[in-house]
1. Mind listing just one residue for me: the one in region 1-15 that is at pLDDT 85 or above and surrounded by fewer than 24 Cβ atoms within 10 Å (Cβ to Cβ) and, of those, farthest from Ala26 (Cα to Cα)?
2. When you go through (1) in a loop (DSSP other than H, G, I, E, B); (2) open to solvent by less than 20 Å² (accessible area, probe 1.4 Å) one by one for Val100, which number turns out not to apply?
3. Just to be sure I understand the filter: pairs with C-beta atoms under 7 Å, separated by 6 or more residues or on different chains, first member in region 51-63 and under 16 Å from Gly41 (Cα atoms) and without any contact (Cβ under 8 Å) to a residue 12 or more places away in the chain, second member open to solvent by less than 30 Å² (accessible area, probe 1.4 Å) and not acidic (Asp, Glu). Which pairs pass?
4. Quick check on region 82-94. Is at least one of its residues part of a loop (DSSP other than H, G, I, E, B), of a type outside the set (Gly, Ala, Ser) and either more than 26 Å from Asp225 (Cβ to Cβ) or modelled with pLDDT of 95 or more (or both)?
5. Need pairs with beta-carbon distance below 6 Å; first residue closer than 19 Å to Asp145 by Cβ and within region 180-202, second hydroxyl-bearing (Ser, Thr, Tyr) and modelled with pLDDT under 95; sequence gap 6+ or separate chains.
6. Please enumerate the residues belonging to region 186-207 that are at negative phi and part of a loop (DSSP other than H, G, I, E, B).
7. Within region 160-192, how many residues turn out to be surrounded by fewer than 24 Cβ atoms within 10 Å (Cβ to Cβ), touching a Pro at 6+ places or on another chain (Cβ under 8 Å) and small (Gly, Ala, Ser)?
8. Within region 29-54, count every residue that is open to solvent by 10 Å² or more (accessible area, probe 1.4 Å), of a type in the set (Gly, Ala, Ser) and under 12 Å from Asp11 (Cβ atoms).
Amino acid sequence: MAENRARIAVDAMGGDHAPKEIVAGAVRASEELDVDILLVGDRPSIEACLQHHQPSPNIEIVDAEGAIEMHEGISELRRKPKASINVSMDLVKKNRADAVISAGHSGAAMGAATLRLGRLKGIDRPAIGTVFPTLIAGKSVIILDVGANVDCRPKYLEQFALMGTIYSQYVMGVEQPKVGLLNIGEESSKGNDLALATYQLLENNQAIPFAGNAEGRDVLSGNFDVIVCDGFVGNVLLKFAEAVGEIVLQIMREELPQGWRGILGTAVLKPNLKNLKQRIDHAEHGGALLLGVAGICLISHGSSHAPSIFNAIRSAKEAIDNQVLDRIKASQKTPISDGVKASVEK
């Protein structure tokens with residue numbers, strides 16, 4: 001493995017379709033992306049899956065013992081110190097890997113990241129950020145938190161907004177991201193106590209390009225680049241959006257091929273339909289980034305197949321290449337104004 005390439009630890013035992021689909025996505029990433037992959041888990045199971053693919057010098061197996069199962073609590077993290085997610089996090093802690101990806105128990109992934117990597121200085125609570133498509137082609141919005149913190153304080157949401165701003169700028173390429181606070185109305189006087197207090201913090205923080213409240217209809221409008229909310233609301237929003245996307249795709253599969261006109265039309269529209277799938281299918285983004293811990297960590301959907309794992313690895317590489325961790329650290333030391341980029345780059 002090359003020393004200057006991004007090295008990504010993949011929890012091969014996490015997910016509904018592990019290790020087969022996890023390995024398949026990792027193999028593709030090792031072939032198409034400039035990354036080295038550390039597959040963490042049961043060696044015989046991983047080797048059996050690798051036999052179905054061409055050998056790659058960019059893949060290494062790291063032994064682990066078992067996994068944190070979906071039905072188990074996060075207390076199992078201490079009882080299973082050699083579980084695949086714990087070993088994966090240790091690889092980052094020991095600088096053997098630059099990032100971790102897991103489609104397994106999301107609570108276990110968050111717990112392992114917090115316990116073994118620790119939080120970044122100045123960040124009270126890590127947040128899970130996920131990327132949504134919008135009505136504007138080629139434009140996405142990052143929502144955070146979508147599940148790490150069910151109950152939040154205003155200062156947590158302020159920190160989420162700052163981390164989301166940095167991610168939007170450096171990974172999503174938005175020069176001046178617009179940050180919104182998810183609320184029940186546009187007016188600053190709307191919302192519960194959390195929303196009212198958070199609004200004032202965001203408005204007064206010169207490091208955050210705050211654009212005001214964002215209502216539910218604004219989430220996918222493209223009018224905002226970053227939207228912050230507590231993890232309870234964010235997780236409901238995430239699951240609802242995933243369900244809507246799946247329903248739209250299913251309806252298209254069922255209705256478009258009906259009759260000879262439908263078959264002909266489907267053939268003609270095939271390129272457009274592929275683009276549509278890429279815009280609304282959550283698998284195209286691969287996973288949600290856990291921001292605020294001292295390492296790059298992506299949590300993929302439990303039902304992830306190979307394409308989703310590939311995209312998660314791609315997203316992890318982008319976060320590594322754009323030095324997201326270093327920029328968040330710098331933002332806690334130096335206030336950012338006008339060009340949030342300018343002071344961070346210095």
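1. Narrowing region 1-15 to residues at pLDDT 85 or above: 5-15.
Still in the running and surrounded by fewer than 24 Cβ atoms within 10 Å (Cβ to Cβ): 5-7.
Numbers: Arg5: 15, Ala6: 13, Arg7: 12 Å.
Step by step, filter region 1-15, then rank; the result is Arg5.
2. The one condition Val100 does not meet is (1).
3. Cβ pairs passing all conditions: none.
4. Going residue by residue through region 82-94, those that are part of a loop (DSSP other than H, G, I, E, B) are 82-83, 94.
Narrowing further to those that are of a type outside the set (Gly, Ala, Ser): 82, 94.
This time we only want the ones that are either more than 26 Å from Asp225 (Cβ to Cβ) or modelled with pLDDT of 95 or more (or both), so: 82, 94.
Within region 82-94 (the criterion being part of a loop (DSSP other than H, G, I, E, B), of a type outside the set (Gly, Ala, Ser) and either more than 26 Å from Asp225 (Cβ to Cβ) or modelled with pLDDT of 95 or more (or both)), the answer is yes, since at least one residue qualifies.
5. Qualifying pairs under 6 Å: Tyr199/Ser188.
6. Taking region 186-207 and keeping what is at negative phi, we get 186-190, 192-207.
Passing the criteria: Glu186, Glu187, Ser188, Ser189, Lys190, Asn192, Asn205, Gln206, Ala207.
7. 0
8. 0
The values are calculated or read from the model by the stated rules, or taken from the named source; none is laboratory data. Nothing here was measured: the structure is a model prediction, and the numbers come from that model. Glycine also receives a Cβ, built like all others from the backbone with ideal geometry; neighbour counts cover every protein chain displayed. Note: accessible area is taken over every heavy atom of the protein model, side chains too, but ligands, DNA and RNA are not part of it. Shrake-Rupley method; radii C 1.70, N 1.55, O 1.52, S 1.80 Å.
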